[in-house]
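Below is one structure, written out as structure tokens, with a few remarks after it.
The values are calculated or read from the model by the stated rules, or taken from the named source; none is laboratory data. It should be emphasised that the depicted structure is a prediction, and the values quoted were computed from it without experimental measurement. Note that we place each Cβ from the backbone using ideal geometry, even for glycine, and neighbour counts take in every protein chain shown. Side chains included, ligands, DNA and RNA excluded: accessible areas come from the protein's heavy atoms. Shrake-Rupley method; radii C 1.70, N 1.55, O 1.52, S 1.80 Å.
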Amino acid sequence: MNSTILPEANNLLLTDLVGVLERLTFQNEENGYTVARLIPQGKQHEVTVVGPLGGVNIGETLHLRGIWTTHPQFGRQFEVHSYTIQLPASVDGIRKYLGSGLIKGVGPVTAARIVDQFGAETLEIIENHPERLSEVPGIARKRIDMICRAWQDQKQIKEIMLFLQTQGVSPSLAVKIYKQYGDQSIPVVRTDPYRLARDIYGVGFKTADKIARQMGLPPDSPARIQTGLVYTLSSFSDEGHCFGNRDHLASEGARLLQVSREQCLEQIDIMVRQRDLIAEDDAVYLPPFFFAEHGVASKLRRMLSSPDDRLSRLKNLNWPREFARMDQENPIQLTDLQKKAIQMAITSKVSVLTGGPGTGKSTIMGHLIQLVRRNGASVLLAAPTGRAAKRLSETTGLEARTIHRLLEFTPGSAAGFARDRANPLDTDMIIIDETSMVDILLMNHLLNAVEASTHLLLVGDVDQLPSVGPGNVLRDLIASEEIPVTRLDTIFRQAGDSYIILNAHRINEGEMPVFPKDARDFFLFPESDPQKVAEWVIDLVSQRIPNRFGFSPQDIQVLSPMYRGAAGVVELNQRLQQTLNPPGRGKVEYTHSYRTFRTGDRVMQIRNNYDKAVFNGDLGIIESIDLENQSVEVSIDGLRVSYDLNELDELVHAYAVSIHKAQGSEFPVVVIPLLTQHYRLLQRNLLYTAVTRARKMVVIAGSRKAIAMAVRNNQIQKRNTRLAERLRGMEPPPLEDEFLLLL
């Protein structure tokens with residue numbers, strides 16, 4: 001355990017300080033910077049120590065080298081420049097050490113029992129004679145096994161953490177690296193640090209590159225340039241692109257890597273020859289996106305051209321009689337355009353239904369399902385998110401699932417989805433709602449599981465923001481002009497009944513929303529100062545809306561265009577958490593990477609985790625935090641999902657979320673801070689998407705100028721996709737099947 005893990009600073013008169021770590025006041029898991037209280041040897045009083053102390057634990061004896069300084073606000077403190085760690089030797093130190101949450105399965109109560117039994121020999125017993133833990137009252141065999149595993153894991157993690165810190169890397173990744181590679185962690189880091197970027201969520205290219213450069217890898221190493229180019233291309237996909245322009249990729253790669261553009265072009269060509277990248281004239285793809293585009297296009301064209309048809313018996317229906325029957329059986333009478341959409345879904349194997357709120361999409365789906373099932377045919381319903389699927393179930397009266405559950409995704413399985421080309425969905429018709437949210441990869445997985453004879457109806461609002469993931473599937477399908485499309489543009493709910501619907505359509509048509517005095521569901525609190533807008537948001541969510549209209553704060557979702565700033569997602573989350581879910585007796589909390597998570601917090605999953613079957617944008621509530629077993633239970637769409645404490649970087653607070661992340665969700669009340677400082681993101685489809693997330697009320701806190709900027713800006717950010725062109729006839733390459741097996 002004795003390891004010097006930081007180089008000593010030059011030209012400073014350093015002094016030694018030895019003592020027992022009493023408590024951690026603050027620790028930044030990203031860079032290891034720590035503020036702690038330590039009791040020096042032979043002393044009774046605590047002193048403050050500050051510096052990069054990642055990996056230290058309460059109860060350990062620290063040998064510090066550094067300098068004494070005086071902080072203008074916090075007074076005298078010891079600034080650490082290097083340190084070594086020793087296991088605690090005193091009984092009190094051991095008790096604190098074990099009870100600090102270091103070892104999974106050991107909390108303060110269990111730690112006290114163990115130390116009461118073995119005293120100063122406790123750590124030696126755990127290390128060399130763990131079977132003797134059975135002598136401790138109240139500790140079962142299962143708990144002993146957990147303690148032994150956690151002790152060995154902690155030793156490995158400590159070694160990895162010490163090694164990584166010698167490479168100038170933050171300690172927060174040590175647990176993840178050990179979880180991924182186990183005993184091979186240090187050899188992997190030494191031989192191929194770029195594997196970390198490929199294999200571990202949260203380790204980007206820049207982190208892996210920092211390790212590699214520290215270990216002496218030359219800056220123009222082919223491995224470094226190739227990894228940097230993949231990282232750059234992946235960053236393009238994070239912005240929604242399926243490919244990057246070759247010259248742009250080389251230029252951005254050169255800027256990132258600080259190498260020449262020619263060196264990047266050379267490595268792009270090598271990677272294309274190796275099939276690590278796919279080139280199509282000037283477009284360069286990561287293979288999954290290239291073959292997903294080809295897969296979607298070729299499958300849709302096959303469905304449209306195939307003579308096999310599971311609904312062929314319905315094509316010759318007496319349509320006037322069928323529609324007359326629908327009008328008799330349902331209170332809502334269909335328009336001619338709605339009838340055309342239903343007929344199109346029956347007569348064409350693939351069709352698109354698009355339109356804004358209140359235009360009758362749900363009515364059409366309900367009548368269509370009635371017709372299909374009345375004629376003995378089967379239908380399956382799905383949507384991209386759990387909330388969207390639940391809403392689809394409520395509007396149609398039929399079970400709807402997420403697309404992942406429809407495809408029977410199996411966490412941890414090699415195949416991923418049980419439903420695929422070899423095991424397709426057995427149904428006559430599939431209806432997918434909120435298709436604007438579906439990215440190219442998910443659409444490809446879906447179509448792999450759809451038989452060419454099955455009918456597919458894709459429903460969504462093309463004027464909303466595109467998917468968070470790569471591609472612009474719904475817009476591309478419509479733009480191809482190869483897929484039959486019905487576009488609804490008539491509002492059926494009266495404007496006086498819903499200013500949300502009226503204003504959504506006004507925004508979509510480039511007109512300013514209206515804020516009449518008699519409105520009950522659409523309000524503006526005019527303000528241009530960011531701090532005052534933030535104050536309005538806090539007051540609206542916590543007091544004004546609940547007190548005046550009876551909504552619970554849980555019914556209210558704040559949607560902000562930006563992450564930074566006083567009215568951005570990050571700061572609003574901090575303030576809303578403090579207001580709506582402050583610390584209190586019985587509330588357990590845990591701080592991870594700047595964020596303090598507390599029981600009762602609203603949270604959002606920010607990456608697809610296939611092992612847990614939770615996905616980017618899923619919303620939930622923290623039900624419990626177990627510090628002893630180092631786990632957090634989150635309720636997401638009615639399911640309880642368990643996270644280890646070191647997995648909490650997959651969650652963020654969700655009292656406020658970005659408008660992009662809110663796609664596919666609906667909330668009773670939406671509060672939107674909108675300021676001119678958001679000008680880079682003020683687009684018509686952004687404001688339109690935010691407004692259409694609300695079922696019962698929209699409140700905008702911001703300036704009319706910012707609203708006008710958003711309404712006027714109808715420049716939709718172009719995404720690099722070629723799906724529309726492929727649907728119009730570009731043939732897939734001969735190696736398609738080979739790569740489809742990899743998806």
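For segment 243-280, filtered to residues that are part of a helix (DSSP H, G or I) and of a type in the set (Lys, Arg), the residue that is surrounded by the most Cβ atoms within 10 Å (Cβ to Cβ) is 246. Scanning segment 657-693 for residues that are over 22 Å from the mean Cα position of the chain (by Cα) and open to solvent by 10 Å² or more (accessible area, probe 1.4 Å) yields a count of 7. Within segment 463-500, the set of residues being modelled with pLDDT of 85 or more and among the basic types (Lys, Arg) comprises 475, 487.
For segment 373-381, the condition holds for at least one residue, the condition being that it is in contact with a helix residue (DSSP H, G or I) (Cβ under 9 Å, 6 or more places away or on another chain), under 27 Å from residue 607 (Cα atoms) and in contact (Cβ under 8 Å) with a residue 12 or more places away in the chain. Across segment 626-642, the qualifying residues are those that are out of contact with any Ser or Thr (no Cβ under 6 Å at 6 or more places or on another chain) and part of a strand (DSSP E or B), and the one among them that is most open to solvent (accessible area, probe 1.4 Å) is 640.
Of all residues in segment 496-527, exactly one satisfies the criterion of being under 20 Å from residue 463 (Cα atoms), open to solvent by less than 30 Å² (accessible area, probe 1.4 Å), in a loop (DSSP other than H, G, I, E, B) and small (Gly, Ala, Ser), namely 498. With segment 41-106 as the region, which strands (runs of 3 or more DSSP E) entirely inside it contain at least 2 residues that are loosely packed, with under 15 Cβ neighbours inside 10 Å? It comes to 61-71, 75-86. Selection over segment 464-490 of residues that are open to solvent by 10 Å² or more (accessible area, probe 1.4 Å), out of contact with any strand residue (DSSP E or B) (no Cβ under 8 Å at 6 or more places or on another chain) and in a loop (DSSP other than H, G, I, E, B) gives a count of 9. Could you please find all residues in segment 661-705 being out of contact with any Lys or Arg (no Cβ under 8 Å at 6 or more places or on another chain) and charged (D, E, K, R)? Correct list: 661, 680, 693, 695, 696, 704, 705. Search segment 188-234 for residues being β-branched (Val, Ile, Thr), without any contact (Cβ under 8 Å) to a residue 40 or more places away in the chain and under 23 Å from residue 288 (Cα atoms), and hand back the single one that is surrounded by the fewest Cβ atoms within 10 Å (Cβ to Cβ). Per the criteria, the residue is 200.
Quick check on segment 550-591: of everything there that is more than 29 Å from residue 628 (Cβ to Cβ) and among the charged types (D, E, K, R), which residue is surrounded by the fewest Cβ atoms within 10 Å (Cβ to Cβ)? Result: 564. Residues that are open to solvent by 60 Å² or more (accessible area, probe 1.4 Å) and assigned to a loop (DSSP other than H, G, I, E, B) were ranked within segment 391-410; the one that is modelled with the lowest pLDDT is 410.
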